[in-house]
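Novice: Have a look at the structure that comes next, please.
The values are calculated or read from the model by the stated rules, or taken from the named source; none is laboratory data. This is a predicted model, so every value here is computed, not measured. Virtual Cβ from ideal backbone geometry, glycine too; neighbours counted across all protein chains shown. Heavy atoms of the whole protein, side chains included, go into the accessibility calculation; ligands, DNA and RNA do not. Shrake-Rupley method; radii C 1.70, N 1.55, O 1.52, S 1.80 Å.
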Amino acid sequence: AAFVCCNVLDTCDHVSGKFDIVFTSYGTIGWLPDLEPWAKVIAAKLKPGGLFYIAEFHPMVWMFDDEFTHIQYSYENREVIVTENQGTYTDRNAAIKGKEYSWNHSISEVLNALVGAGLRIEQFNEHMYSPYPCFRKVVEFKPGKWHIQGLEGKIPMVYSLKATR
């Protein structure tokens, strides 16, 4: 494997060739204000017939405040979400403080960006759990599966999507 460190939107300037598979993992697209350039990079790097797969946190979970007590943010990408954070999602008690900027992308925004870039949606699934305890107030109900306490099985927490070029 070759690892390239660059802005994802500049991938075509730093990575040559096309690939059979392009993968986007959890917690990535929320850092992008606009998904159309991201989708165009995916389409540009896929071979004809190539597979794109994304596993991502559902926009529903990003609507809540950090404690999951109330809806604080819009489901749609209406504005930048600015938060002051203590710790990280892997260690809430880490001695790190900082301001974060993110955007909530609705399911339709994700789908339309990919379709607009020429990809064909083959499969879409919503999952009622998180595979990681990266949110506050989570309870493990099965090994490796977490719900938000008080919202157990009531909201989708993750989605996965398969598309082809």
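Novice: Can you name every residue in segment 82-137 that is at pLDDT below 95, of a type in the set (Lys, Arg) and assigned to a strand (DSSP E or B)?
Specialist: 97, 99
Novice: Quick one: in segment 139-165, which of the residues that are outside any loop (DSSP other than H, G, I, E, B) and in contact with a helix residue (DSSP H, G or I) (Cβ under 8 Å, 6 or more places away or on another chain) is surrounded by the fewest Cβ atoms within 10 Å (Cβ to Cβ)? First the steps, then the outcome.
Specialist: Taking segment 139-165 and keeping what is outside any loop (DSSP other than H, G, I, E, B), we get 139-142, 145-148, 158-164.
Those still in the list that are in contact with a helix residue (DSSP H, G or I) (Cβ under 8 Å, 6 or more places away or on another chain) too: 148, 159, 161, 163.
On the way: 148: 21, 159: 18, 161: 21, 163: 25.
Of everything passing the filter in segment 139-165, 159 is surrounded by the fewest Cβ atoms within 10 Å (Cβ to Cβ).
Novice: Let me ask something additional. Among the numbered criteria (1) out of contact with any strand residue (DSSP E or B) (no Cβ under 8 Å at 6 or more places or on another chain); (2) more than 15 Å from residue 38 (Cβ to Cβ); (3) crowded, with 19+ Cβ neighbours inside 10 Å, which one does residue 136 miss?
Specialist: (3)
Novice: Going through segment 12-55 one residue at a time, which ones are of a type in the set (S, T, N, Q) and within 28 Å of residue 131 (Cα to Cα)?
Specialist: Selection gives 24, 25, 28.
Novice: Now a separate question. Please go through segment 2-30 and give me each residue that is aliphatic (A, V, I, L, M), surrounded by 14 or more Cβ atoms within 10 Å (Cβ to Cβ) and part of a loop (DSSP other than H, G, I, E, B), ordered by number.
Specialist: 15
Novice: When only residues in segment 31-54 that are of a type in the set (Phe, Trp, Tyr) and open to solvent by 50 Å² or more (accessible area, probe 1.4 Å) count, which is nearest to the chain's Cα centre (by Cα)?
Specialist: Result: 31.
Novice: In this structure, does residue 52 turn out to be touching a Ser or Thr at 6+ places or on another chain (Cβ under 9 Å) and either in contact (Cβ under 8 Å) with a residue 40 or more places away in the chain or within 19 Å of residue 158 (Cβ to Cβ) (or both)?
Specialist: yes
Novice: Here's something else I'd like to know. Identify all residues within segment 56-74 that are among the acidic types (Asp, Glu) and at pLDDT 95 or above; write none if there are none.
Specialist: Selection gives 56 alone.
Novice: Related question: Just to check your reading of the model, which residue among 33, 48 is part of a loop (DSSP other than H, G, I, E, B) and either at pLDDT 95 or above or over 22 Å from residue 138 (Cα atoms) (or both)?
Specialist: Numbers: 48 fails: part of a loop (DSSP other than H, G, I, E, B).
It is 33.
Novice: Next question, about the same structure. Open to solvent by 30 Å² or more (accessible area, probe 1.4 Å), modelled with pLDDT of 90 or more and not in a helix (DSSP H, G or I): does that describe residue 77? Even if it seems obvious, please write down each step before you answer.
Specialist: Details: open to solvent by 30 Å² or more (accessible area, probe 1.4 Å): yes; modelled with pLDDT of 90 or more: yes; not in a helix (DSSP H, G or I): yes.
Spelling it out, residue 77 is indeed open to solvent by 30 Å² or more (accessible area, probe 1.4 Å), modelled with pLDDT of 90 or more and not in a helix (DSSP H, G or I).
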